[in-house]
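Student: My structure is below; once you've seen it, I'll send some questions.
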Amino acid sequence: MTNDESNRARRPWVPSTYLLARAIMAVSLPVAGLVACSSGPHEGVASSRTQATVPSTGATTDSPSPDPTPSAKAKAAPRTTKSPSTSPKSNSGSGSGSSHGNCAGYPTPACTGTPAGTSLSGLRLNLDGGTYRVTKSGTVLNGVHIRGDLLITANNVTIRNSQIDGGVLDEYANKHYSFTIADSTVGPEHGCLTSPGIGEANYTATGVLIRGHGDGFRDSGDNITIRNSYVRLCSNPGDHSDGIQTYMAGRGLVFDHNTIDQRDAKDVTAPIFLVDNRTADVRVTNNLVMGGTYSIQLKNARGSLVVQNNRLVNRSWIYGPVESDCGRINWSGNTLVTIDHSYRVTSTVGPLPCAR
């Protein structure tokens, strides 16, 4: 792989309303260039408006303080309904050496994302007509539906049992905040957004389903933990789709027991694309991955680098299975496998050696 190919996806994240949010402009951007993309079964969840709860007091509060230029296009609150009953959060895939969360094996659409039957409450978009912005530290968003992007500009924010139709971002005015997201669905039911589903630093994601995004997770800072999550990637012409990508990264990435399926995306780089030279101390363990040019890429990083017990679907790549700095990595227990349509491992083809 040439230097140009290796670095082609290192670009800033520009979600549908991000540039407007940073400039504090009261103008909304249309989501353009949508194409069809496969997604999981946690779709079509109806919702209505409720309030966020602050964990320190348990009291209800109104929506976090709006941006100085709140949107004039806020929608009226729809009625409350329940998400349709889908498969329960379990499956019979086979993981290895990790706590599986709600999944019996590797994460699938059936055991990640918004739990079936959850009543969702629509939140009015309060920034530029396309974004919901959180400004109060300690905010809890539980069982909400955001029909756009979620911009986090406060620390210790929690999102759970929710649906965000755009992306989740915690960078604003060159500052990162902190959040946790669990058991939630991120991405549109239809179409494909080029921007990442979740980023950028100081966050923990567990049991998340990302759909309808060209990039899954973005690592642009320190202290990121991603576990027991499922990503089904798509792409638009000219994209460089990645399951997880480092860009101006930091220290302390844990990427454990996730499923990254890039087989439907056409304009791709890799399910695991960690090549930024600021990256330090990385653990990539117990994942099931498929697709990409070279499927597992860990290069230019420093510190403790661990790639262990991952399963790569045999011959799902374009050029090769691995392109990594093997001499720097603790590489062991990785194998080539075949799977069925439910992401269950059906056979082990053989060991997956590291290659540069």
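The values are calculated or read from the model by the stated rules, or taken from the named source; none is laboratory data. Remember, predicted model here, so these are calculated numbers, not experimental data. Glycine gets a Cβ as well: all are built from the backbone with ideal geometry, and neighbour counts include every protein chain shown. For accessibility, only protein heavy atoms count, side chains too; no ligands or nucleic acids. Shrake-Rupley method; radii C 1.70, N 1.55, O 1.52, S 1.80 Å.
Student: Would you kindly find the accessible area of K175, with a 1.4 Å probe and non-protein molecules such as ligands, DNA and RNA excluded, rounding to the nearest 10 Å²?
Tutor: 110 Å²
Student: Could you check the spin-label model distance between T335 and N174? Points 7 Å from the Cα along Cα→Cβ, value in nm.
Tutor: 5.0 nm
Student: Further, regarding this structure: Taking all protein chains as present, what is the carbon and sulfur share of the accessible area of segment 136-188, in % to the nearest whole number, probe 1.4 Å? The partial results should precede the final answer.
Tutor: Values: 580 of 1440 Å².
Answer for segment 136-188: carbon and sulfur cover 40 percent of the accessible area.
Student: Compute the Rg to Rh ratio over segment 149-265 from the alpha carbon atoms, using the Kirkwood formula for Rh, and round to two decimal places. All intermediate terms of the calculation are to be shown ahead of the outcome.
Tutor: Details: Rg = 12.8 Å, Rh = 13.8 Å.
We get a ratio of 0.93 for segment 149-265.
Student: Name the long-range amide H neighbours of A110: under 5 Å, sequence gap of 5 or more, or other chain; modelled H, no Pro or chain starts.
Tutor: Those qualifying (amide H under 5 Å, at least 5 residues apart or on another chain) number zero.
Student: Give me the orientation-averaged projected area of the Cα convex hull of segment 115-205, in nm², one decimal. Provide the component values of the computation, followed by the final result.
Tutor: On the way: hull surface 22.9 nm².
So the Cα hull casts an average projection of 5.7 nm².
Student: Another one. Compute, for segment 214-356, the length of the dipole vector about the Cα centre, with Cβ point charges of +1 (Lys, Arg) and -1 (Asp, Glu) only. Units Debye, rounded to 20.
Tutor: Values: 15 positive and 14 negative charges, 62 e Å.
My answer is approximately 300 debye.
Student: Another question, if that's okay. Which whole-Hz ³J(HN,Hα) couplings does segment 235-242 yield from phi under the Karplus relation 6.51 cos²θ - 1.76 cosθ + 1.60, θ = phi - 60°, glycine and proline marked x?
Tutor: So the Karplus estimates, Gly and Pro as x, are 7, 10, x, x, 6, 10, 4, 9 Hz.
Student: Before anything else, pin down the relative contact order of segment 92-183: Cα pairs under 8 Å, at least 6 apart, normalised by residue count, whole percent.
Tutor: On the way: 191 pairs, mean separation 20.2, N = 92.
For segment 92-183, the relative contact order is 22 percent.
Student: Check G191: other-chain or 5+ apart residues with amide H under 5 Å from its amide H, H built from backbone geometry?
Tutor: Sorted by chain and number, the residues that satisfy this are C37.
Student: In whole percent, and with a 1.4 Å probe on the protein chains, what portion of the accessible area of segment 215-356 is carbon and sulfur? Intermediate results must be reported in sequence, preceding the final value.
Tutor: Values: 2170 of 4830 Å².
In segment 215-356, the share of accessible area belonging to carbon and sulfur is 45 percent.
Student: Follow-up. Once amide H atoms are built 1.01 Å from N in the peptide plane, which residues 5 or more positions from D222, or in another chain, come under 5 Å H to H?
Tutor: Here N202, R251 satisfy the definition.
Student: In segment 134-217, what percentage of the DSSP-assigned beta bridges are antiparallel, given to the nearest 5?
Tutor: Details: 2 of 27 bridges.
Bridges in segment 134-217 that DSSP calls antiparallel: roughly 5 percent.
Student: Work out from phi, with θ = phi - 60° and the Karplus expression 6.51 cos²θ - 1.76 cosθ + 1.60, the ³J(HN,Hα) of each residue of segment 198-208, listed in order in whole Hz, and give x for Gly and Pro.
Tutor: Residue by residue, segment 198-208 yields 9, x, 10, 8, 6, 9, 10, 10, 9, x, 8 Hz.
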